[in-house]
Amino acid sequence: MMKQEAIQKINEVIEHSRIGVLATSYHDQPNSRYMIFYNDGLDLYTKTSKQTPKFEEIKHNPKAHVLLGYEENNQLPYVELEGAIEIVTDQQQINWLWQEQDKTFFDSKEDPDLVVLRVIPNKVTLHEQKDGNGPIEIDVSNL
């Protein structure tokens, strides 16, 4: 599979699969949780509160791992993204995500604890179940 074709499939998975697993680490202790993601290209966006443990974890270690995709019955492809999380407090980004997002956990986009987490991938791995191909790993740090 060509790199461009793989990136197209990765984008399809990301746009189809909004719920994924975000893994972070703090003091060498991994922590995973389900999150709802929205994307702009390969960058993923999700919201959180400044009052959550994940916010503190990310402040101390911005490295992240995200799983999106896999549906057992359909054997759809899934992706793994490795990268860094940027904490976004820019109101324009918050407004964009507020328009896209699911409206859970926060009553208002003006909530002072609301922040956006931007996952900026440096490596993406596409796993396809149907065709039996092995995983395709793509360095996206310079795209």
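The values are calculated or read from the model by the stated rules, or taken from the named source; none is laboratory data. What you are looking at is a predicted structure, and each value in this text was computed from that prediction instead of being measured. FYI the Cβ positions are ideal-geometry reconstructions off the backbone, even for glycines, and counts take in every protein chain you see. Side chains included, ligands, DNA and RNA excluded: accessible areas come from the protein's heavy atoms. Shrake-Rupley method; radii C 1.70, N 1.55, O 1.52, S 1.80 Å.
Before moving on, here are some points about what is shown:
- Among the residues making up region 1-34, those that are polar (S, T, N, Q) and either surrounded by 11 or more Cβ atoms within 10 Å (Cβ to Cβ) or not in a strand (DSSP E or B) (or both) are Q4, Q8, N11, S17, T24, S25, N31, S32.
- Applying the condition of being among the acidic types (D, E) and over 18 Å from the mean Cα position of the chain (by Cα) to region 70-117 and asking which residue is modelled with the lowest pLDDT yields E72.
- Test for E57: is it touching a strand residue (DSSP E or B) at 6+ places or on another chain (Cβ under 8 Å), among the acidic types (D, E), buried (at least 17 other Cβ atoms within 10 Å of the Cβ) and assigned to a strand (DSSP E or B): no
- Taking region 35-54 as the range and being of a type outside the set (S, T, Y) and open to solvent by less than 70 Å² (accessible area, probe 1.4 Å) as the test, the residues that pass are M35, I36, F37, N39, G41, L42, D43, L44, K47, K54.
- Annotation note: of L81, L97, the sole residue that is in a helix (DSSP H, G or I) and buried (at least 16 other Cβ atoms within 10 Å of the Cβ) is L97.
- Checked against (1) over 20 Å from T125 (Cβ atoms); (2) outside any strand (DSSP E or B); (3) among the acidic types (D, E), E86 meets all criteria but (2).
- Condition met for Q4 (modelled with pLDDT under 95 and over 23 Å from K109 (Cβ atoms)): yes
- Here L67 does not fit the description of being aliphatic (A, V, I, L, M), open to solvent by less than 20 Å² (accessible area, probe 1.4 Å), part of a strand (DSSP E or B) and at pLDDT 90 or above.
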